[in-house]
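Here's the structure, in structure tokens; my notes come after.
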Amino acid sequence: MSAPKEKQNIVVIGGGIIGCTTAYYLTHHPQFDSSSHTVTVIEAANLANAASGKAGGLVAAWATSSNLAKLSFDLHDQLAREYNGAELWGYRRVRCGQLTAVVPQRRGTSKLESSSPPNIELGKWWARDLKKSSVLPHDLDWFDNESAQAYEEFADTSSTAQVHPFQFTSSMAKLAEQSGARIVMGKVECINCCNADGSSESPSPLTSFDNLTQKKVVSVTYVDKVTLEQHTLPATTVVLAAGPWTPTLFPKVRIHPLRAHSVSIKLQRPVSAYCLFSDIRLGDSRQTVGAAKPISLEIYARPNNEVYICGQGDRDIPLPAPGNAVEVSSDSCNDIINAAMSVSEELRNGKVTGRRACYLPTLDVGASSDPLVGQTELAGLVLATGHSCWGISNAPATGKAVSELILDGRVSCVDVASLDPRRIR
Ligand SMILES: Cc1cc2nc3c(=O)[nH]c(=O)nc-3n(C[C@H](O)[C@H](O)[C@H](O)COP(=O)(O)OP(=O)(O)OC[C@H]3O[C@@H](n4cnc5c(N)ncnc54)[C@H](O)[C@@H]3O)c2cc1C
């Protein structure tokens, strides 16, 4: 008689879109069996509390990294069809355009002139001079025609969609929970390891001095959010999906978090489904483009008469501890609101319903902007992090790849060689 298989305890650290989508794919994998596997997601604050609840929600087959983007676009589509994503998380196809707008001087733009907006690109696009053509698509009727200097279609609905990131992440968590995952609110303090060769030594917290190749993961220690009691949870595999906080638990990964502000505006009527990369400049509409320093905004029409707008990034305020509030600059939010309202009457007539800030998990690994997805040198530690400006789009392919790695022992849905965490030295 063969010995009973050892129970596999999988602990996912982080209840953002990457952690929750990974838990979904783990619990929906054909090999998943609740009698031999446990899946526990541990989240320090609330599910989708960070960037995953505050992002724009653009989903693109043309996103980076290209390894994940195409598969992820298809998986988003599949999930939306299977679970009525249109209703549950605002899934729909959108057109994506890039435009240059010039704010007429008469429109009280002194506020725009006096601001010094954050100016680090989030990375989805780079403002570039477009061929001058003031023609907006006929259905993009919520943008002032007189302000638009140039417009170019960036991508159409065959390769571009959107989701409401908070609703999508919460839905993934709920579906994972319904299929056997456990969600725990608590802050992970450390990942504990012991010698990989089984030689006796009691488990100890992972430190930056450990020789990773000689160790294996055995448990995680967390502090319960409500009771403040400390617990240690056995783990055969840990998936570290802590976004910008990843280095606090695994210092080998260097993340250079980028703060970005966003606002939401409720409109008086529904507007057409466009996501716009806009470059807004001050001046007279007859002036040549390039006269003033532009403000770059991503402007996303959403279902339910809402428009979401985010600006560029800054590194003015360091990342707070996981679970702690992110400092929101009212100046940065006002800059976004003033710029957006100066080029759209629909927005001027709308009501600002949200002002927020969050951090992009931007990797500090030279030119490569690919996330880290896969096994580390430390047995039992899998990374799913560093998704920068494309985590919403790339979450399903990431989750599926990680589920295959853990439950099949290899990733077959996509080539993840270039995402291998062992590439960082
Ligand atoms: C303004 C803005 C707009 C964006 N727009 C888009 C977009 O349109 N499309 C797109 O694809 N991407 C977009 N992004 C990027 C996207 O939001 C991120 O790539 C994605 O949310 C990262 O998800 P994550 O799960 O890795 O990290 P996070 O969302 O940061 O989640 C990490 C979670 O881990 C938890 N955690 C951390 N440490 C611990 C610990 N020790 N114990 C327990 N829990 C812990 C945190 O509390 C947090 O909830 C945007 C980002 C920003 C800032």
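The values are calculated or read from the model by the stated rules, or taken from the named source; none is laboratory data. As the structure is a computational prediction, the values presented were derived from the model and not from experiment. Cβ atoms come from the backbone with ideal geometry, glycine included; neighbour counts cover every protein chain shown. Ligands, DNA and RNA are excluded from the accessible area calculation, which covers all protein heavy atoms including side chains. Shrake-Rupley method; radii C 1.70, N 1.55, O 1.52, S 1.80 Å.
Structure summary
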| quantity | calculated |
| --- | --- |
| Where labels lie 7 Å past Cα in the beta-carbon direction, separation of residue 230 and residue 204 in nm | 1.6 |
| Filtered chymotrypsin sites (Phe, Trp or Tyr not before Pro), the stretch 149-222: DSSP coil and at most 13 other beta carbons within 10 Å | 209 |
| Å² of accessible area per residue within the chain, as computed with a 1.4 Å probe and no ligands counted | 42 |
| Relative intensity, log₁₀ I(q)/I(0), of the stretch 179-285 from a Debye sum that treats every alpha carbon as a point, q = 0.11, 0.23 Å⁻¹ | -0.59, -1.36 |
| In Hz, Karplus ³J(HN,Hα) per residue of the stretch 39-44 (6.51, -1.76, 1.60; θ = phi - 60°; x = Gly, Pro) | 10, 10, 9, 10, 10, 6 |
| Within-9-Å neighbourhood charge of residue 223 [Cβ basis; K, R +1; D, E -1] | -1 |
| Solvent-accessible surface (1.4 angstrom probe) belonging to residue 121, in square angstrom, nearest 10 | 60 |
| P(r) tail fraction, the chain - alpha-carbon pairs more than 32 Å apart, % | 37 |
| Spin-label proximity, residue 33 to the stretch 382-425 - amide N less than 17 Å from point 7 Å beyond Cα toward beta carbon | 406-409 |
| Nearest-20 debye value, the stretch 154-229 charge dipole, Cβ charges on Lys, Arg, Asp, Glu | 140 |
| Cβ-defined net charge surrounding residue 137, 12 Å radius [Lys, Arg +1; Asp, Glu -1] | -4 |
| Sorted largest first, extent of the stretch 1-83 alpha carbons per principal axis (Å) | 52, 30, 25 |
| Net charge over other residues, Cβ less than 15 angstrom from the Cβ of residue 15 (K, R count +1; D, E count -1) | +2 |
| Fraction of accessible area attributable to carbon and sulfur, the chain (%, probe 1.4 Å) | 49 |
| Which listed pairs, of 7/400; 187/225; 54/266; 215/252; 124/174, have C-alpha distances above 18 Å, in listed order | 7/400; 124/174 |
| Overall dimensions of the stretch 309-381 as given by Cα atoms, namely Rg and Dmax in Å | 17.8, 57 |
| Computed [θ] at 222 nm, helices only, for the chain once each DSSP H run of length n ≥ 4 contributes -39500 (n - 2.57) | -6500 deg cm²/dmol |
| Scaled radius of gyration (Cα, divided by 2.2 N^0.38 Å) that the stretch 349-419 gives | 1.42 |
| Relative packing of peptides 334-344, 172-182 - highest average C-beta neighbours within 10 Å first | 334-344, 172-182 |
